[in-house]
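So the structure is just underneath, and the comments pick up after that.
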Amino acid sequence: MSKATELREMSDEQIQLVCKDAAESLFRLRMQAQTEKLAAPTDMKKLRRTIARCQTVLAERTARAASPAVS
């Protein structure tokens, strides 16, 4: 999930929710990594990329909304 095309189809609120969930999961994984060995260390990388995708799509939307419409 969370490919850029899928994120672009979502509303802003849905994207922010996905980003928030990913950030919380990343926080839990970081805490777990400090106390014990992770079962799947690549999950941290996947979550970081998901967060970056969400932020990119939201930034694209704000930039598109802020720029004047070209006809």
- Query: Of the numbered conditions (1) modelled with pLDDT under 95; (2) touching a helix residue (DSSP H, G or I) at 6+ places or on another chain (Cβ under 6 Å), Thr5 satisfies every one except a single condition; which is it?
  - Reply: (2)
- Report whether or not Thr35 is of a type in the set (S, T, N, Q) and surrounded by fewer than 12 Cβ atoms within 10 Å (Cβ to Cβ). yes
- Task: Among the numbered conditions (1) within 24 Å of Arg8 (Cβ to Cβ); (2) assigned to a loop (DSSP other than H, G, I, E, B), tell me where Arg48 comes up short.
- Result: (2)
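Identify, from the list Arg53, Arg49, Arg30, Arg8, the residue that is among the charged types (D, E, K, R) and surrounded by 14 or more Cβ atoms within 10 Å (Cβ to Cβ).
Residue meeting the stated conditions: Arg53.
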- Message: Out of everything in region 1-20 that is out of contact with any Ser or Thr (no Cβ under 6 Å at 6 or more places or on another chain) and in a loop (DSSP other than H, G, I, E, B), what residue ends up being farthest from Ala59 (Cα to Cα)?
- Response: Met1
- Would you point out which residue out of Ala65, Ala59, Ala23, Ala39 is small (Gly, Ala, Ser) and part of a loop (DSSP other than H, G, I, E, B)? Ala39
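The values are calculated or read from the model by the stated rules, or taken from the named source; none is laboratory data. A quick note: this is a predicted structure, and the numbers were derived from the prediction, not measured. Here Cβ is always computed from backbone atoms with ideal geometry, including for glycine, and neighbour counts include all displayed protein chains.
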